Amino acid sequence: MKKRLHSPVARFLIAVAVIAAGIALYRQLYMAAPEQQYRLQVVEKGDVAQVVSANGTINPVTLVNVGTQVSGTVKKLYVDFNSKVEQGQVLLELDDALLAAQQKQSLANVQSANATLELTTANETRMRNLYTQEYVSRQELDTAIQAKKAAEAQLQLASATVEKDRANLAYSVIRSPVSGVVVDRSVDVGQTVAASLQTPTLFKIAQDLSKMQIHASFAEADIGSIRIGHKAHFTVDAFPGRHFQGEVMQVRLNPTIQQNVVTYDVVVNVDNPEQILLPGMTAYVSITVAERKGVLLLSNAALRFKPSASGNQKRGGAHPGGKANGSPAKPEQGAFPGKVYVLEQGGLVPVSLSTGITDNRNTEIIGGEIKAGDQVVVGEALASDNAQGSSSPLRMRF
């Protein structure tokens, strides 16, 4: 049996079978009809919108940092996180023992200055009477007048000190400057706060949580197409099934540069009637910068397709209803040149066209030799078979 397998006749028959199988496979792959070698797409009309995207943070429209102008130890707390407060409501009290003692000292200085003023006033009156009787000189009278004026100034200074100490004592009671919700509390009872060069922040109060803003950083490549009034759509991780809307309120001119990447802050106004959007949430923002309805649409795969070296490409033909193939389409404002391939007379024919906006899946056709109903090549069927295990042409949907 082994001798028969190794005989020349057997080896010849095996070689012939292998060659025949190779020829059959070659014919199946490379000699098939052009319609079976490529995946085609029918050009149709539809809607397309171009959007730019970025991540941002949700913030209240007005966030007030409440601090203190005097130092002291926290004696009482009247509010906590999420507390709703009204303008003028007491939030916190500091220990006012030192401030009250300082005010008492100032009041005592006022009494002393007042007594000095009474003495100098009586002395001036006496000196004037003696001067009229020529018992004292003019210099002595002027000295008495100057002493009275100095006592008056000293009384004013002591009174001003009393007013300052009274204000500091009032500042030991921290009140809310606005009506809103406490979103942050930075102190506890017994904690000492020191008001030095920088005022310490005790509370953060959001004035109105029904109106929010998103601060999103957009790349410089996208910022040129964003305008005030553009509609924005966004999602948040807390509500993955919901889509929220907003409107561009401001494009800030101040750039942010990190590792040679330039971004700009775009502020989006958001209505939050349910108050489910909370400060600090991450928002995934998409802004529609251009929109077209009822236009010719082409899959981006068709624009990316380039025939392989073994492809049956035909040059110099004429595509129906247009110019000679390979000739550039007439440029239009805001258009970008492009090229696709169609099947004609058993070969690939390049067709030039002008494209408009894109949604990264489909692209608007605004000029060229393509019309609705034409079939363009979006890929090779062999590549599709290897990737998907199917030889059926792929039809793209819009």
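Just one residue in the set LEU277, LEU297, LEU303 is in a strand (DSSP E or B), more than 13 Å from VAL349 (Cβ to Cβ) and modelled with pLDDT of 60 or more; that residue is LEU297. Being in contact (Cβ under 8 Å) with a residue 24 or more places away in the chain, under 30 Å from PRO279 (Cα atoms) and of a type in the set (Val, Ile, Thr) is a condition met by no residue of the range 143-164. If VAL349 passes every condition in (1) at pLDDT below 85; (2) hydrophobic (A, V, I, L, M, F, W, C); (3) more than 35 Å from the chain's Cα centre (by Cα) but one, which one does it miss? Looking at each condition in turn, VAL349 falls short on (1). Scanning the range 46-70 for residues that are surrounded by 17 or more Cβ atoms within 10 Å (Cβ to Cβ) and small (Gly, Ala, Ser) turns up ALA54, GLY56.
Scanning the range 49-88 for residues that are of a type in the set (S, T, N, Q), under 21 Å from the mean Cα position of the chain (by Cα) and within 24 Å of ALA206 (Cβ to Cβ) yields ASN55, THR57, ASN59, THR62.
The values are calculated or read from the model by the stated rules, or taken from the named source; none is laboratory data. Note that the structure is predicted; figures quoted are calculated from it, not measured. As a convention, Cβ positions derive from the backbone with ideal geometry for all residues, glycine included, and neighbour counts pool all protein chains shown.
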